[in-house]
Structures are given as C-alpha cells and as structure tokens.
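Accompanying notes for the structure given below.
The values are calculated or read from the model by the stated rules, or taken from the named source; none is laboratory data. From a predicted model like this one, the values you see are computed outputs, not experimental measurements. Note: ideal-geometry Cβ built from the backbone for every residue, glycine included; neighbour counts use all protein chains shown. Ligands, DNA and RNA are excluded from the accessible area calculation, which covers all protein heavy atoms including side chains. Shrake-Rupley method; radii C 1.70, N 1.55, O 1.52, S 1.80 Å.
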Amino acid sequence: MKTILKLILFGILTVVTQIGGILYLVSLMVSKKWIRKLKFKTLIIFIALYLFSTLLIVPLIAPIFGREKVKHSEKISPTNYMTVLLNRNYVRPKLNELLRKTAKNLKETDIEIHYLDTNFPFINKFPLLPHLSHNDGKKIDISLIYETENGIITSGQKSVSGYGVFEHPKPNEFDQSKKCIKNGYFQYDYPKYVTFGKINKDYVFSEKGTKILINNILKNKNLGKLFIEPHLKNRMNLNDSKIRYHGCRAVRHDDHIHVQLR
C-alpha cells in the first residue's frame, strides 16, 4: 500500500509541476541515507530540493529546451504566483517578446497583463494538464480585464486561480457553452470547479479594457491565434481573422484569453 501511495504521489507531482515527481524520488533516497531522526524529514528534504530546483536550477536549464520564464515587469505579472512555483510559467523567447511589445503599447493605460498557465520548462509535447495544447512553449493564457462598479480599471480578478468565473452570454447573445454541453462535451465549463475561491464579487467585466488589451496583442506579427468565447468576440466587435473559436473539445474561454505563437 505504501508503494502504491508513493507511485500516486509521484504521478500527481509530475503532472502538476513536471519536476516534482523526480525530486520526490530523490528526496526519498536522501531521507533513507540521512541517519539523523527528524520529524517530517522526507517532506522537509523535498521542499528544500523543490524550491532550490524551481528557483535556481530550472531557469538555467530551460533555455536548452528553447524556453525561458515569463519576464515580469510593471505591466506583466502572474495572476497567481502558484503558477511560478509550479513551473507553469515557461515560454519561448518570441512569446516573451510579444508580451513585452504589448506591455509597451499599454504603457499609457491602466491595463496590465496578468498571465495564467503557460507551459512547463522542458520537453515538447509533455502535457500541461488540464490544457490540451500548452505543450510547446508557444501558448499562454491571459486574464480578462475587470473594472469597479464606478468604471475604474483594476488589476484584480474574480477568482483565486484566475479561472472559472465566467462572463456569461447576455440574453440576446449566442450561448456556445450551452450548445457544447448539450452535444455531450461535459468538460466545456469544468473550470468552474478550479476557482479555488471566488473573490472581488463587485468587479465587472471591462469590455473596453479587454478590447484594448486584445487589440494590442493583435498588433504582434508573431501572433498565430487568439481564442476567446464567441459571444465576447461579438460583444467587443472584434473581427480580426486571428481570433478563432477553439472548439467544443476544449473548455470555454469567457474567463480568460488564450494566446499562441505562429
């Protein structure tokens, strides 16, 4: 039973962080050789190894695989810093360049770029679950823009994770989510289960702010596709051919924007 539990933990840590499973095995070996008795010895060793690797070692090795951490600035930051601690913040240099240019264009505005999941640091086609395509360093999810009830742009979000609080279609708008779920794609709105808590309930979707953000992303020549839910695309009157519908096999995109390189 202990072996089975260890294998399960190895699998979970690998799926969530990519490197966690291997470091867990290393911590087990170190713990066995470390004769000194210590409560929670293996856990302490694992945490120390994981933080050291995540913060110092992984950033040095990732460029070998053509990836680097998302570069933070006054205009670019993670929606939740767990994204960084879980190694889900690695992109190709061209995607960092896209973010930098977009941030520069937003310099005179109150709009900031808050990113969600991007990619793991190593190995193409290694899945970053639960995403279907975040496996090559070319993809990044970006939070929608919100404002206060008084119309003031804010950097805050409506969930702890950044996912799962949807900007639902209005009565006169087409409901793609309803259609997908009706056709058997039950996973389409599953992000509602991974909010990790809803916050800032008084914030409202900023149509103007999100449109400005998207239009500045669209200016980048290296942009391949941008996914957002059809009713939001129509509501913001966005007609660029690079704005695509992601299909029912994915999940709904009225809680974030998906951006990917060519």
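Within the chain, what whole-number % of the accessible surface is contributed by carbon and sulfur, with the 1.4 Å probe and all protein chains included in the calculation?
Carbon and sulfur: 61 percent of the exposed surface of the chain.
State the three equivalent ellipsoid semi-axes of segment 1-136, derived from the C-alpha gyration tensor as the square roots of 5 times its eigenvalues, in descending order and whole Å.
34, 16, 13
What per residue convex hull volume, in Å³, comes out for segment 159-262 when only alpha-carbon positions are used?
Roughly 111 Å³ of hull volume per residue.
For every other residue with a beta carbon closer than 13 angstrom to the beta carbon of S155, add +1 if it is Lys or Arg and -1 if Asp or Glu, then tell me the sum.
In short, -2.
Using the Cα centre as the reference, give the magnitude of the dipole from point charges on the C-beta atoms of segment 151-228 (Lys, Arg: +1; Asp, Glu: -1; all else neutral), rounded to the nearest 20 debye.
I would put it at about 180 debye.
Using only the heavy atoms of the protein chains and a 1.4 Å probe, how would D240, D202, D136 rank by accessible area, largest first?
In descending accessible area the options line up as D202, D240, D136.
Hey, in the GNM for the chain with a 10 angstrom Cα cutoff, which one of F126, F205, F40 fluctuates hardest?
In the Gaussian network model the winner is F40.
Which shape class applies to segment 1-55: rounded if a/c is under 1.5, otherwise prolate when a/b exceeds b/c and oblate if not, where a ≥ b ≥ c are the square roots of the Cα gyration tensor eigenvalues?
It is oblate, given that a/c is not under 1.5 and a/b is not larger than b/c.
So what's the gap between the Cα centers of segment 194-211 and segment 52-128, to the nearest angstrom?
Each part's Cα centre sits 22 Å from the other's.
After finding the eigenvalues of the alpha carbon gyration tensor for the chain, what semi-axes result from the square roots of 5 times each, listed largest first in whole Å?
Over the Cα atoms of the chain, the ellipsoid semi-axes are 35, 21, 18 Å.
Would you work out which of I140, G209, G151 lies farthest towards the positive end of the dipole of segment 137-213, given +1 charges on the beta-carbon of Lys and Arg and -1 on that of Asp and Glu, about the Cα centre?
The one lying farthest along the dipole's positive direction is I140.
For segment 31-47 and segment 154-174, what is the centre-to-centre distance using only Cα atoms, to the nearest Å?
44
Quick check: the angle from helix 20-33's long axis to the longest principal axis of the chain, C-alpha only, nearest 10 degrees?
With rounding to tens, the tilt is 20 degrees.
Can you run phi through the Karplus equation (6.51, -1.76, 1.60; θ = phi - 60°) for segment 174-188 and list ³J(HN,Hα) in whole Hz, with x for Gly and Pro?
In residue order, the calculated couplings are 5, 9, 5, 4, 4, 5, 5, 5, 4, 8, x, 8, 4, 7, 4 Hz.
For labels at L56 and N172 in the simple 7 Å Cα→Cβ model, what's the distance in nm?
The modelled label-to-label distance comes out at 6.0 nm.
Accessible area per residue for the chain in Å², computed with a 1.4 Å probe and the full protein assembly in place, what is it?
55
Please report, in debye to the nearest 20, how large the charge dipole of the chain is about its Cα centre when each Lys and Arg carries +1 at its beta carbon and each Asp and Glu carries -1 there.
I would put it at about 1160 debye.
Rounded to the nearest 10 degrees, what's the angle between the helix 207-217 long axis and the longest principal axis of the chain, both from Cα atoms, 0 to 90?
70
Taking amide H positions as placed 1.01 Å from N in the peptide plane, with prolines and chain starts having none, which residues 5 or more places from I145, or on another chain, fall under 5 Å of its amide H?
Residues meeting the criterion, in which the H sits 1.01 Å from N, are S206, T210.
Compute the long axis of helix 41-52 from its Cα atoms, compare it with the longest principal axis of the Cα atoms of the chain, and write down the angle in degrees, 0 to 90, nearest 10.
Between the helix axis and the principal axis of the chain, the angle is about 50 degrees.
Could you work out the local net charge near N89, counting Lys and Arg as +1, Asp and Glu as -1, over the other residues with Cβ closer than 13 Å to its Cβ?
Net local charge, N89 excluded: +3.
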